[in-house]
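The structure appears below as structure tokens.
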Amino acid sequence: MENVGYFAPSDVGQALELLAEQGSKATVLAGGTDLVPAINYYSLWPENLIFIGALGLDYIKEEGGKLLIGSGATWTQILEDPLVAEKAPALAQAARQGGSVATRNAGTVGGNLANASPAADLTVILLALEAEVLLKSSAGKRTVALKDFFTGPGETVMNDDELLMEVQIPLPAGSAAFQKLGRRKAMTLSVVNAGVKLNLDGDTCSGACIALGAMAPTPLRCSAAEEMLVGKKLDAALIAECAAAAVAAGSPIDDQRASAWYRTKAGTAIVARALAQAAGIGG
Amino acid sequence: MKKRGKAMSLVLHPTGNKGAGDPSQAAIALRPDGTFTLIIGTADLGQGSNTILRQFAADALDVPIENISVNNQAGNVAPICTGSFASRVTLIDPHAVVNAADDLKDKVVNWAAGMWEVAPEAVTWADNSVFVEGDEEKTMTMTEVGEGVVGSAELMIGTGAWYPAPFTEHDPETGAMESVGAISFGCAVVEVEVDTETGLIDVLSVIQVWELGKAVNPLTCKQQINGGLSVGLGFALAESCHPYYPDAAHAVEHLTDYYVPTFADYPAEISHGIEEVPHPAGVKGAKGFSEGSSTVPISAIISAVHDATGVWITEVPLTPEVVLKALEA
Ligand SMILES: Cc1cc2nc3c(=O)[nH]c(=O)nc-3n(C[C@H](O)[C@H](O)[C@H](O)COP(=O)(O)OP(=O)(O)OC[C@H]3O[C@@H](n4cnc5c(N)ncnc54)[C@H](O)[C@@H]3O)c2cc1C
């Protein structure tokens, strides 16, 4: 990496100016845990790095009926935060299963979303929790629902001059669960992962969100499967049927970690487990 | 569904390369302060060879182990060690160390005999000193020897080598061959839990027992078993460069996709057992064993998966995908 420009703005205004000036020549650097491997493995040579770790975006708070998480909050912050534990425990559960202590200390929620990996873990549970992201540029700001955020592997609706500022989770966050299947118990990207959120009226489901990762070019919301649950009492048979429908929405591929066949088989089990966990059924 | 199974495996692990004619050498230098430097060419990649070879030198010289430092990085003057492979170092190198110690003792005894004008046979080497029995005037601590040697024209280095008999051919009729190495005997008992919906295998507990001649350093023996187990877990469950072998598609290019076990994958329970039956080919009965601690868990894991599921899987690694396919078949 020669002659890479490095900027470390100390407030959001400066950062947005830099982004406006440099457009596609700027690459945002948060924890660097996706960016640095990309530089090392795929010879990505950013022209200018803009480090956003000094912008004070690492807050977690509740405001206006939402859980607001600054894009700079790390996995470690999320898994240790008492407010997250209380309001959105499934998010903490997902954060606990990411990478290793070192990557959790450095990696941020904003990076996980902006990197737009179809296998990302925080992303899939946030998608199930119907989170929105706040994007800002020097020209203005907008909020985008996560289900409309991803456009392809590594691609989002964000413009070059936009910064992902904040993740907003509507509260209450229902009864949610996250399940991850990797190739070992730590330091593994997901072979398939699933996030679900159920709104329960007694034992009847009044609303369901099912998100699936590593099964398509983007993290996926499985609306057909979700509809199968609404107005029904959840039991093992319905859960199995719904999990199969959720996975059928995917278009998995073969890669180093697993084949499409495996993702489909094991993915069905993972979705079923997430549903059972959220519904409080079985072990 | 999660199913549990248990199984045992036994291995014979040949150590010392069955006498491929690979030598090891050693040198021991007496320093002016009366301590010693053991100079070897043996690569210590964490297996503890520096530690045990110091132990052998201290024992052969009858001096405290603190008085022996080791240098295995002497570059172009390093004695030869054919290598840290074939679990051979514990079997072969101690012979070279003992020979070097004997050579050094001879030199020092001869030098002291000259100082005292007595026959070398009259000089005893013991207890970190040399002396003539029954003559209180004629005694020197090793510190005094070290100082004294500085003023003499002698460089006190003992050298030694060990060259096991070269490999002999197998008898074409019977397959028999002369056993010039040593065999260690290992046993593993494992319990696994198989997730029949994802194919993931959790190794819950492992017992490993080894007959290894002489546990020169019981702590490092246990650590070798721990380390070998970690290699064995990777071999059995995860490590693969070509997940679609023989198809070369999606060959692994980075360690990110090459799965070695982490501490989290390690069994919660590990017990070690060490049995000692002195081996005639080793110094103090010692022979190697360590590499075997990585192979013995593998067949036990495969058998335990069979015990749990009723299915024999005959390819490694037993990745979740391999397991799920086998369960479906
Ligand atoms: C060893 C290892 C293990 C890992 N394990 C997991 C795992 O188990 N699960 C998982 O999901 N991920 C895992 N990851 C991936 C990574 O740690 C996460 O995706 C992390 O959240 C990325 O955040 P970051 O702050 O490091 O992002 P960075 O690497 O700094 O940035 C990633 C991308 O997002 C952009 N970006 C970052 N922040 C913003 C922002 N605020 N606005 C606009 N663009 C932005 C950057 O320009 C870059 O393109 C792992 C990575 C490693 C190296």
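R0 = 35 Å: FRET efficiency of B:E276 with B:L255, Cβ-based, nearest 0.05? List each step's numbers first, then the result.
Values: r = 39 Å, r/R0 = 1.10.
Efficiency at R0 = 35 Å is approximately 0.35.
Counting only aspartates and glutamates at least 8 places from A:K147 when in the same chain, those with an alpha carbon closer than 12 Å to its own are A:E130, A:E132. Taking every alpha-carbon pair under 8 Å whose residues sit at least 6 apart, chain B reaches a relative contact order of 26 percent. Beta bridges per DSSP, both residues in the stretch A:1-106: antiparallel share near 35 percent. Ignoring ligands, DNA and RNA, what percent of the accessible area of chain B is carbon or sulfur (1.4 Å)? Ligands and nucleic acids excluded, carbon and sulfur give 55 percent.
Checked against a 23 Å cut-off, the cross-linked pairs A:K87/A:K180; A:K233/A:K265; A:K136/A:K180; A:K141/A:K197 give Cα-Cα distances beyond that limit for A:K233/A:K265; A:K136/A:K180; A:K141/A:K197.
For the residues of B:315-324, the average number of beta carbons from a partner chain within 10 Å of their own beta carbon is 3.
Rounded to the nearest 10 square angstrom, A:R96 shows an accessible area of 130 square angstrom against a 1.4 Å probe.
Once the chain from B:F85 to B:T51 is taken as fully extended at 0.36 nm per residue, the excess over their C-alpha distance is 10.5 nm.
For the stretch B:169-196, the residues whose amide N sits under 17 Å from a probe point set 7 Å from the Cα of B:K6 along the beta carbon direction are B:187-194. Shielding by partners for peptide B:241-249, expressed as the average number of C-beta atoms from other protein chains within 10 Å of each residue's C-beta, is 2. Atom-type composition of the exposed protein surface of chain A places 51 percent of the accessible area on carbon and sulfur (1.4 angstrom probe).
If contacts are Cα pairs under 8 angstrom and at least 6 residues apart, what is the relative contact order of the stretch A:5-51 in percent?
Relative contact order comes out at 59 percent.
In this rough spin-label picture, where each label sits 7 Å from Cα along the Cβ direction, the A:A237-B:K284 distance is 7.1 nm.
Normalised size of the stretch A:5-51, defined as Cα radius of gyration per 2.2 N^0.38 Å with N residues, equals 1.15. Membrane-span-like helices in chain B, defined purely by DSSP H runs whose alpha carbon atoms cover 30 Å or more axially and whose average Kyte-Doolittle hydropathy reaches -0.5, are B:89-116. So what's the stretch B:29-72 giving for Rg/Rh, alpha carbon basis, Kirkwood Rh from the mean inverse pair distance? Ratio value, two decimals: 0.96. When the residues B:D202, B:D62 are ordered by accessible surface, computed with a 1.4 Å probe over the protein chains alone, the sequence from largest down reads B:D62, B:D202.
If you take the Cα centroid of the stretch B:291-329 and the Cα centroid of the stretch A:79-144, the two points sit 37 Å apart.
Modelled spin labels at B:T139 and A:V101, positioned 7 Å past Cα toward Cβ, are 5.4 nm from each other. Legend: mean number of C-beta atoms from other chains within 10 angstrom of residue C-beta atoms, peptide A:177-187, equals 5. Computed over the Cα atoms of the stretch B:286-329, the ratio of the radius of gyration to the Kirkwood radius (Rg/Rh) comes to 1.14. Straight-distance candidates among the lysines for linking to B:K214, with alpha-carbon spacing under 24 Å and chain neighbours fewer than 8 residues away dropped: B:K18, B:K222, B:K284, B:K287.
Could you tell me how many cubic angstrom of Cα convex hull volume chain A has per residue? Mind showing how you got there, number by number?
Values: hull volume 35.0 nm³, N = 283.
Each residue corresponds to 124 Å³ of Cα convex hull volume.
In summary, the lysines within cross-link reach of B:K138, defined as a Cα separation below 30 angstrom excluding same-chain residues under 8 places away, comprise B:K105, B:K107. Estimated translational diffusion coefficient (Stokes-Einstein, Kirkwood radius over Cα pairs, 4 °C, 1.567 mPa s) of the stretch A:60-170: 93 µm² per second.
Legend: Rg and Dmax of the stretch B:61-133, from Cα coordinates, 15.7, 48 Å. Counting only Cβ charges, +1 for Lys and Arg and -1 for Asp and Glu, the dipole size of the protein assembly as shown around its Cα centre is about 2100 debye.
Mean silhouette area of the stretch A:175-279, derived from the convex hull of its C-alpha atoms and averaged over all directions, reads 6.0 nm². Note: relative contact order over the stretch A:175-279, using C-alpha pairs below 8 Å and six or more positions apart, is 30 percent. A simple spin-label model places the labels of B:L219 and A:Y59 5.2 nm from each other, with each point 7 Å out along Cα-to-Cβ. Using just the C-alpha positions of the stretch A:53-122 as equal point scatterers, what log10 of I(q)/I(0) does the Debye formula give at each q in 0.14, 0.18, 0.24 1/Å? After summing over all Cα pairs, the log10 values are -0.38, -0.64, -1.12. The contact residues of the stretch B:181-212, meaning those that lose at least 10 Å² of 1.4 Å-probe accessible area when all protein chains sit together rather than their chain alone, are B:D195, B:E197, B:T198, B:L200, B:D202. Taking the average, over residues, of other Cβ atoms within 10 Å as the packing measure, peptides B:141-147, B:129-135 rank B:141-147, B:129-135 from highest down. Computing FRET efficiency as 1/(1 + (r/R0)^6) for A:K185 and B:L155, where r is the C-beta to C-beta distance and R0 is 56 Å, gives about 0.50.
Not counting ligands, DNA or RNA, and with a 1.4 Å probe, what is A:S43's accessible surface area in Å² rounded to the nearest 10? Roughly 80 Å² of A:S43 is accessible to a 1.4 Å probe.
Just to be sure I understand the rule: take each whole DSSP H helix in chain A, project its Cα atoms onto its long axis, keep it if the span is 24 Å or more and its mean Kyte-Doolittle hydropathy is at least 1.6. Which ones pass? Flagged H segments: there are none. On the beta carbon distance between B:T196 and B:N226, with R0 = 45 Å, the FRET formula returns roughly 0.95.
Protein heavy-atom accessible surface, 1.4 Å probe, per residue over the stretch B:1-127: 44 Å².
Within the protein assembly as shown, the proportion of Cα pairs with more than 48 Å between them is 36 percent.
Scanning residues 5 or more positions from B:I274 or on other chains, those with amide H under 5 Å from its amide H are B:W210, with H placed 1.01 Å from N in the peptide plane. The separation of the stretch A:25-42 from the stretch B:1-17, counted between C-alpha centres, amounts to 43 Å.
The values are calculated or read from the model by the stated rules, or taken from the named source; none is laboratory data. This one's a predicted model, so the numbers in the text were calculated from it and none came from an experiment. So basically every Cβ, Gly included, is an ideal-geometry build from the backbone, and we count neighbours across all protein chains shown. Side chains included, ligands, DNA and RNA excluded: accessible areas come from the protein's heavy atoms. Shrake-Rupley method; radii C 1.70, N 1.55, O 1.52, S 1.80 Å.
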